Structure formats: C-alpha cells, structure tokens
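Here is the structure we will look at.
The values are calculated or read from the model by the stated rules, or taken from the named source; none is laboratory data. Being a predicted model, the structure only gives us computed values, none of them experimental. Neighbour counts are summed over all protein chains in view; Cβ atoms, including those assigned to glycine, are modelled from backbone coordinates with ideal geometry.
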Amino acid sequence: MKTALAVSLLCASLVTVLMAKEDVQKPSATEWDRLKEAATTYIAAHSGQKDSDAWTNKFKSRVESRMESSKLGQDEAVQSLVFDWMSDNEKFLREKQSKAMLEACRIMVWLHEHKLELPGLIRNELQKENKMAKLSEYLVAQATLVADAKRKVN
C-alpha cells in the first residue's frame, strides 16, 4: 500500500508539475538527486540507450512545437505537455504499468536535468513520512528485478 501511495505521488507530481509556484520548502538536493538516480536506474533496466535518446529527442521536439504553437515559454510548454500526458496515463501509473512508469521516470529525469522543480504541494507531500526515499527505493527495487530477470535469460 505504501508503494502504491509513492506511485500515486509520482503521478500527482507529474500532473501538477510546476503548476504551483508558491514558495514552499524544497526537498534537499540530495533527496531530489536520489530520486533522479532511482529514475535513471529504472530507465536503464527497462530501456536501451537508443530508445532513451529517441525519447529525449521526441520530447524536446514536442516542447519546441508546443512553445511555437502556443506562444509559451519552455517551462509552461513542459507543464502543458506533462499535464496532457498525465491526463491520459494516470490510470496506468496507478496500476504501475511498466510503460507508464518508464515514461514518468523519463519525465522526472528530464525535469531534473533541466533544473525544473516539482510543484510546492508535491514537494511538501513527498517530504512527509519519507515518501521521496520510499519512491526511490521502489524504483530501484523494480529495476533490480528486471535486471536480474535479464541476467537469468542471458
């Protein structure tokens, strides 16, 4: 149940990413870095570098297209794309479907690498009851399971 809550928080953070820009306590750089590393580990276990590069290029292109078509800045274009994606995929994330989790992790890594923050509401929620660490642990555990299964096949 706690894992489901952590996944739900990831869903919620992506739905509301950057929508709330109020001044609230941010997670420490270490916590955010750990979550980024856990998401990176999950991505590596579930996808090859070629797929990841293709996703990055496609996402970058979609951001640029949204910026041009909607006359938005980069932050707003990313918010809009992420919100649209989350609207379509919330159910799949709650069910922890690997394809949706992979996409969510890619988005989290992209946000981290572009120095975009989680919204204040989610930052505060993730800091309660050590949820950010639990989400990181879940992602690493899932990545380990996939990596172990791949080793057994090979």
Inset, instruction - Run down Ser52, Ser136, Ser65, Ser87 and say which single residue is more than 25 Å from Glu31 (Cα to Cα), assigned to a helix (DSSP H, G or I) and touching a residue at least 24 places away in the same chain (Cβ under 8 Å). - result: Ser87
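Would you pick out the residues in the stretch 51-79 that are over 18 Å from Met108 (Cα atoms) and among the hydroxyl-bearing types (Ser, Thr, Tyr)? Show your work before the answer.
First, pick out the residues of the stretch 51-79 that are over 18 Å from Met108 (Cα atoms): 64-73.
If the condition is that a residue be over 18 Å from Met108 (Cα atoms) and among the hydroxyl-bearing types (Ser, Thr, Tyr), then Ser65, Ser69, Ser70 are the ones that fit.
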Inset, instruction - Output the residue which, of all residues in the stretch 20-52 that are farther than 12 Å from Leu135 by Cβ and among the basic types (Lys, Arg), is modelled with the lowest pLDDT. - result: Lys21
Inset, instruction - Please work out which one of (1) at pLDDT 90 or above; (2) exposed (fewer than 14 other Cβ atoms within 10 Å of the Cβ); (3) of a type outside the set (A, V, I, L, M) is the condition Trp55 fails and give its number. - result: (2)
